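Following: one structure in structure tokens, then a few remarks.
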Amino acid sequence: MITVYTGNGKGKTTSALGEGLIALSQGKNVLMIQFLKGSTYAGELSGCSRLGVPVLQFGVGCVWSGMIRTGLKHCSGCGDCFRQNRDPGIAIPLVQQAVSLLKQRLASDEYDLIILDEVSHALNYEFLSLSELTGLLTTGCCDWILTGRKMPESLQPLVDHWWELNLRKHPFQEGLKSRRGIEY
């Protein structure tokens with residue numbers, strides 16, 4: 001089965017991890033590969049580590065992530081990490097490394113569920129071809145979850161579940177900053 005979580009709202013990675021937690025509770029092995037995300041302060045890193053779910057990041061992270069993770073600093077929204085992860089000279093080798101590792105993990109046949117977090121960015125910026133992703137998705141006998149904004153519609157025929165998560169209301173709109181342990 002292939003599931004997509006896309007849209008402009010929050011909750012794509014969280015939804016994927018929810019399914020991962022269910023799979024883990026049934027004795028299944030779960031792997032998450034994060035495309036164009038690196039050394040972030042996201043809560044999924046520590047939570048998944050505690051549960052024994054590998055989260056492998058392939059991207060440039062925030063230089064302040066350590067301080068943000070501990071609550072000593074708050075994300076300023078400078079966007080530097082996003083800009084670096086959109087630079088082809090940086091991103092293409094990272095995506096190639098992620099795909100290479102993914103092929104190795106698929107050959108080992110050890111995972112029942114593989115989450116490709118933010119893979120839509122690699123596709124939309126043409127750092128990963130749709131045909132290469134499709135080839136990976138049809139390899140092996142595991143379940144897949146793909147996340148990220150603006151997932152290419154051309155994937156729909158291959159996908160079993162397609163979720164659009166869109167914002168209606170969020171405290172950020174009222175100026176509330178992200179909260180440690182809730183949003184990150």
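Going through segment 85-98 one residue at a time, which ones are within 16 Å of Leu56 (Cα to Cα), touching a residue at least 12 places away in the same chain (Cβ under 8 Å) and either of a type in the set (Asp, Glu) or surrounded by fewer than 19 Cβ atoms within 10 Å (Cβ to Cβ) (or both)? Full working, then the answer.
Step one: filter segment 85-98 for residues within 16 Å of Leu56 (Cα to Cα), giving 85, 91, 93-98.
Applying the additional criterion that residues be touching a residue at least 12 places away in the same chain (Cβ under 8 Å) yields 85, 91, 94-95, 97-98.
Hit for segment 85-98 is Gln97, nothing else.
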Residues of segment 1-19 that turn out to be within 11 Å of the chain's Cα centre (by Cα) and without any contact (Cβ under 8 Å) to a residue 40 or more places away in the chain, as a count: 1
Name the residue, out of Thr147, Thr139, that is within 25 Å of Asn29 (Cβ to Cβ) and either at pLDDT below 85 or not hydroxyl-bearing (Ser, Thr, Tyr) (or both). Thr139
Candidates Lys150, Lys169 - the one that is of a type in the set (Lys, Arg), part of a loop (DSSP other than H, G, I, E, B), within 17 Å of the chain's Cα centre (by Cα) and farther than 20 Å from Gln57 by Cβ: Lys150
Taking Asp109 as meeting all but one of (1) crowded, with 17+ Cβ neighbours inside 10 Å; (2) modelled with pLDDT under 95, write down the number of the exception. (1)
Exactly one of Leu136, Leu128, Leu155 is within 21 Å of Gly9 (Cα to Cα) and buried (at least 16 other Cβ atoms within 10 Å of the Cβ), and that residue is Leu155
Cβ pairs under 9 Å, 6+ apart or interchain, first in segment 22-38 and more than 30 Å from Gln84 (Cβ to Cβ), second among the basic types (Lys, Arg) and surrounded by fewer than 20 Cβ atoms within 10 Å (Cβ to Cβ), ordered by first then second residue, are Ile22/Lys28
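The values are calculated or read from the model by the stated rules, or taken from the named source; none is laboratory data. Only a predicted model underlies this, so the values are computations on that prediction, with no experimental measurement involved. Here the Cβ is made from the backbone with ideal geometry for all residues, glycine too, and neighbour counts use every protein chain on show.
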